[in-house]
Amino acid sequence: MKNVKAVMAGNVWKLLVKPGDIVEDGQDIAILESMKMEIPIAADFGGVVKEVKVSEGDFVNEEDILIEFE
């Protein structure tokens, strides 16, 4: 199973996908906010979103799973 993880600690500012969405390699799937900076998180692979593990506004640590793919 493939997962996309947070690259740094911060707040989930915006989620750009939902379960069932088809994602392409390199597509932005979420935006984190840390120290007043917006950090886009891109998928390193293509696939179908199985589960979004976080909600907008959640605080995440580096390496936390954000999105799980089928």
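Stretched out straight at 0.36 nm per residue, the stretch from TRP13 to GLU62 would grow longer than its current Cα-Cα span by 16.1 nm. Of the chymotrypsin sites (Phe, Trp or Tyr not before Pro) found in the chain, those that fall in a DSSP loop while having at most 13 other beta-carbon atoms within 10 Å are PHE45. Computed extension length for ALA42-GLU70: 8.4 nm, one decimal, from 0.36 nm per residue of separation with the Cα-Cα distance subtracted. For the chain, the per residue solvent-accessible surface stands at 61 Å², with DNA, RNA and ligands left out and a 1.4 Å probe. Derived scalar couplings between HN and Hα for region 6-15 equal 5, 8, 6, 6, x, 9, 6, 7, 8, 9 Hz in order, rounded to whole Hz, by the Karplus curve 6.51 cos²θ - 1.76 cosθ + 1.60 (θ = phi - 60°), x for Gly and Pro. Loop-resident GluC sites (Glu not before Pro) (DSSP state other than H, G, I, E or B) in region 1-69 with no more than 13 further Cβ atoms inside 10 Å of their Cβ: GLU24, GLU56, GLU62, GLU63. When +1 charges are put on Lys and Arg Cβ atoms and -1 charges on Asp and Glu Cβ atoms, the dipole computed for the chain relative to its Cα centre reaches about 100 debye.
Using the Karplus relation 6.51 cos²θ - 1.76 cosθ + 1.60 with θ = phi - 60°, the per-residue 3J(HN,Hα) values for region 39-47 come to 10, x, 10, 10, 6, 8, 7, x, x Hz, with x marking Gly and Pro.
Provide, for q = 0.13, 0.26 Å⁻¹, the log10 of I(q)/I(0) from a solvent-free Debye sum over equal Cα point scatterers in the chain. For the chain at q = 0.13, 0.26 Å⁻¹, log10 I(q)/I(0) is -0.29, -1.18.
Computed from label points 7 Å out along Cα-Cβ, the spacing between ASN3 and GLU24 is 2.7 nm. When the trypsin sites (Lys or Arg not before Pro) in region 1-66 are filtered for DSSP coil states and for at most 16 other beta-carbon atoms within 10 Å of their beta-carbon, the remaining sites are LYS2, LYS36, LYS53. For the chain, the number of Lys pairs with C-alpha atoms closer than 22 Å, counting only pairs eight or more positions apart or on separate chains, is 14. Annotation: amide H-H contacts under 5 Å for ILE67 (H modelled 1.01 Å from N, sequence separation of 5 or more, or interchain): VAL4, LYS53.
Between the amide H of GLY46 and those of ASP25, distances stay under 5 Å, these residues lying 5 or more places away or on another chain, with hydrogens modeled in the peptide plane.
The values are calculated or read from the model by the stated rules, or taken from the named source; none is laboratory data. Since we're looking at a predicted model, the values are computed, not measured. Counting neighbours? That spans all protein chains shown, and the Cβs are built from the backbone with ideal geometry, glycine included. Note: accessible area is taken over every heavy atom of the protein model, side chains too, but ligands, DNA and RNA are not part of it. Shrake-Rupley method; radii C 1.70, N 1.55, O 1.52, S 1.80 Å.
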